[in-house]
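Each remark here refers to the structure printed beneath this line.
The values are calculated or read from the model by the stated rules, or taken from the named source; none is laboratory data. Just so you know, these numbers come straight off a predicted model, no measurement behind them. Ideal geometry is used to build each Cβ from the backbone, glycine not excepted, and the neighbour counts take in all protein chains shown. Remember, those area values only see protein heavy atoms, side chains included, never the ligands or the DNA or RNA. Shrake-Rupley method; radii C 1.70, N 1.55, O 1.52, S 1.80 Å.
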Amino acid sequence: MTTKSDEGVVPSGETLEKMTQNLKKVEVLSERLQRVLTQKQGHNAALDGPNQELFGRAAQAYWAEMMHNPAKVLEHQMSYWSDTMKHFVQAQQVLAQGKLAAPEDPGPKDKRFANPLWDTHPYFNYVKQQYLINAQALQTAVEDVTELNDLEKTRLNYFAKQIVDMMSPTNFLATNPDALEKAIETEGQSLVQGLENLISDLEANNGELVVKLADENAFELGRNIATTPGKVVYRNRMMELVQYTPTTEQVYKTPLVIFPPWINKFYILDLKEQNSMVKWAVEQGQTVFVVSWINPDPTYRDVGMEDYIEEGYLAAIREIKEICGEKQVNAVGYCIAGTTLALTLSLMKQRGDKSIRSATFFTALTDFSDQGEFTPFLTNDFIDGIEAEIEDKGMLPSVIMARTFSFLRSNDLIYGPAIKSYMMGHAPPAFDLLYWNGDGANLPGKMAMQYLRGLCQRNELAGDGFELLGHKLTLTDVDVPLCAVACETDHIAAWKDSYRGVQKMGSKDKTFIMTQSGHIAGIVNPPTRNKYGHYTNPDMKLEYQDWHAGADFHDGSWWPLWGDWLKKRSGRKVKARIPGDSTHEILCDAPGTYVAIKATV
């Protein structure tokens with residue numbers, strides 16, 4: 001509230017009191033901010049970006065280009081200055097005419113600039129247009145550097161994009177109309193709340209800035225997420241085995257075990273009733289088991305891929321066979337758990353173990369010859385930084401993995417949420433998927449380095465073999481009937497790379513499904529939503545482009561198609577099985593205790 005006097009606009013007593021209260025809050029928050037920053041533990045600088053030699057070589061390449069082809073470089077410079085001056089003159093002309101308006105803005109639409117002021121207000125329009133000119137100039141300069149090899153060029157493009165995204169005017173208070181309007185509307189309260197959100201995030205992550213994406217108090221495991229009824233029937237140091245309660249009088253004879261990735265928690269497949277794959281599979285008459293992995297601490301430093309296989313995969317299969325009285329199981333592996341399922345199948349083949357009747361792979365990479373968007377994170381300087389971090393902490397903290405994945409989509413997963421939380425003062429939303437995304441897990445040190453060096457960097461599984469447990473494990477050993485599901489816009493496990501790995505597997509019975517959408521939404525796509533369709537093509541000998549071109553498109557979820565495929569490999573119907581047996585006592589209700597362990601930093 002304000003009042004007018006002879007001296008102009010004067011704040012009311014109520015407004016002055018509110019401003020005073022906010023200043024006091026800022027003083028307290030500033031002390032907290034200083035405290036959390038000074039208490040922050042040491043950080044490995046090698047993880048912040050590439051070796052500086054990359055930028056040195058890029059600069060040298062640019063100057064070499066200028067010496068060999070000065071006209072091309074001059075063209076870059078002249079184009080940039082021409083666009084800048086033209087933009088400046090247009091803005092001056094409009095102002096000279098006495099119009100407080102922006103020039104006509106035919107530029108591309110970008111959801112970051114959704115506020116109408118970006119197009120109508122001369123100041124914000126000028127800032128936006130100049131940013132787009134600068135971004136295009138940097139992109140053009142990087143694209144035209146010719147003295148770098150393909151790997152260096154890929155990395156340079158990635159880091160140039162990060163700089164462009166980071167410097168967006170929407171990321172700064174003085175040039176973000178949404179944040180300024182909110183500050184005026186709330187008399188500064190939004191900025192105070194934003195500072196509170198910032199400090200809370202820093203305190204929660206030991207000084208590391210990780211934007212909280214969801215309201216952590218809105219969800220409780222077993223109450224409003226991960227609610228499918230079941231029991232924990234086995235536990236060891238690596239995992240808990242959950243058996244779900246049947247909802248049909250009869251079930252298929254061959255039980256189903258799902259191995260989720262241990263980078264995140266298993267309940268991505270059991271978020272809520274309407275999109276729970278676990279609940280759906282139970283309703284289809286499957287006896288469903290899910291492995292819930294431990295969230296490791298530094299005492300797991302020496303745990304490797306062999307431990308995940310022996311004490312995870314093989315232990316789960318052994319216990320399920322005993323509980324159900326069966327000789328075989330059907331197995332599913334999601335993401336890194338799919339990669340490890342391939343390792344396990346190769347090992348079992350070489351040992352003569354036929355306990356897996358069929359295998360399903362969800363968004364799983366087994367051939368890493370094309371590292372795609374992860375190229376900047378799989379070069380030696382970055383992996384060396386990871387190794388140093390592991391040597392120090394005994395594990396790869398979840399915050400590092402979360403940050404790595406987030407920077408692949410920085411505008412959506414870093415800057416956008418940061419603007420809403422820190423500039424606008426918004427509370428994180430009560431969104432179950434984002435809650436799960438923030439509930440990360442650490443990786444044991446040894447396992448992380450085996451995965452990064454042996455599988456990702458050296459691509460040993462798809463090559464001469466990945467040495468483990470006294471065997472050389474290869475894709476050609478994977479010869480059970482298999483179904484692979486990949487996602488069309490997956491930025492973590494590109495569908496063409498998943499397809500290439502499946503092609504190299506030794507099975508003669510292969511089904512490949514490509515679903516629309518990405519790494520999570522493409523998999524968690526229940527029939528009730530009818531949102532994303534999927535593609536099928538039985539000819540797995542084709543190159544991926546030709547496979548896609550000749551594929552049939554089907555509306556709706558791929559779950560029923562996979563369900564029918566699975567039923568054909570699940571045997572006859574038997575009486576429904578109650579969780580556990582005489583030798584497997586019920587340890588606790590689903591979702592268990594391991595899933596509730598939070599990651600340490």
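A few notes on this one:
- Taken over the range 98-120, the criterion of being modelled with pLDDT under 85 and surrounded by 17 or more Cβ atoms within 10 Å (Cβ to Cβ) is satisfied by Ala102, Pro103.
- Within the range 336-394, considering residues that are at positive phi and in contact with an Asp or Glu (Cβ under 9 Å, 6 or more places away or on another chain), the one most open to solvent (accessible area, probe 1.4 Å): Gly372
- Matching residues in the range 548-566 - criterion: being outside any strand (DSSP E or B) and surrounded by fewer than 16 Cβ atoms within 10 Å (Cβ to Cβ): Ala549, Gly550, Asp555, Pro560, Asp564
- A Cβ distance below 8 Å, combined with a sequence gap of six or more or placement on separate chains, defines the contacts here; from the range 362-376, residues that are in a loop (DSSP other than H, G, I, E, B) reach residues that are of a type in the set (Phe, Trp, Tyr) in the pairs Thr363/Tyr334; Ala364/Tyr334.
- Test for Ala484: is it under 17 Å from the mean Cα position of the chain (by Cα) and either within 15 Å of Cys335 (Cβ to Cβ) or acidic (Asp, Glu) (or both): no
- Within the range 423-446, at least one residue is open to solvent by 40 Å² or more (accessible area, probe 1.4 Å), among the polar types (S, T, N, Q), under 29 Å from Ser498 (Cβ atoms) and in contact with a strand residue (DSSP E or B) (Cβ under 8 Å, 6 or more places away or on another chain).
- Residue match in the range 302-318 (condition: surrounded by fewer than 24 Cβ atoms within 10 Å (Cβ to Cβ), out of contact with any strand residue (DSSP E or B) (no Cβ under 9 Å at 6 or more places or on another chain) and among the hydrophobic types (A, V, I, L, M, F, W, C)): yes
- Checking each residue of the range 278-297 against the condition of being under 25 Å from Phe466 (Cβ atoms), among the β-branched types (Val, Ile, Thr) and free of Cβ contacts under 8 Å to residues at least 60 places away in the same chain gives at least one match.
- Selected residue (criterion: surrounded by the fewest Cβ atoms within 10 Å (Cβ to Cβ)) from residues of the range 210-225 that are β-branched (Val, Ile, Thr) and more than 16 Å from Met424 (Cβ to Cβ): Val210
- Answer from Leu314, Leu345, Leu365 - the residue that is within 30 Å of Ala160 (Cα to Cα) and either within 21 Å of the chain's Cα centre (by Cα) or aliphatic (A, V, I, L, M) (or both): Leu365
- Taking strands (runs of 3 or more DSSP E) as the structural unit, those lying wholly within the range 467-544 and holding at least 2 residues that are open to solvent by 10 Å² or more (accessible area, probe 1.4 Å) correspond to 471-473, 510-515, 534-536.
- Residue satisfying all of: in the range 395-411; under 17 Å from Tyr158 (Cα atoms) and polar (S, T, N, Q); most open to solvent (accessible area, probe 1.4 Å) among these: Asn411
- Test result for Glu273, open to solvent by 10 Å² or more (accessible area, probe 1.4 Å) and at pLDDT 95 or above: no
- Residue within the range 384-399 that is in a helix (DSSP H, G or I), of a type in the set (Val, Ile, Thr) and farther than 16 Å from Leu209 by Cα present: yes
- Number of the condition not met by Gly207 [criteria: (1) outside any helix (DSSP H, G or I); (2) open to solvent by less than 20 Å² (accessible area, probe 1.4 Å); (3) farther than 26 Å from Ile400 by Cβ]: (3)
- Unmet requirement for Ala427, which otherwise passes all of (1) within 23 Å of Ala204 (Cβ to Cβ); (2) in contact with a Phe, Trp or Tyr (Cβ under 6 Å, 6 or more places away or on another chain); (3) not aromatic (Phe, Trp, Tyr): (2)
- Looking only at residues in the range 131-170 that are more than 27 Å from the chain's Cα centre (by Cα) and modelled with pLDDT of 85 or more, the one that is most open to solvent (accessible area, probe 1.4 Å) is Leu132.
- Inter-residue pairs, beta-carbon under 6 Å, first over 12 Å from Met167 (Cα atoms) and in the range 119-141, second part of a helix (DSSP H, G or I) and open to solvent by 60 Å² or more (accessible area, probe 1.4 Å), 6+ apart: Ile133/Asp83; Ala137/Tyr80
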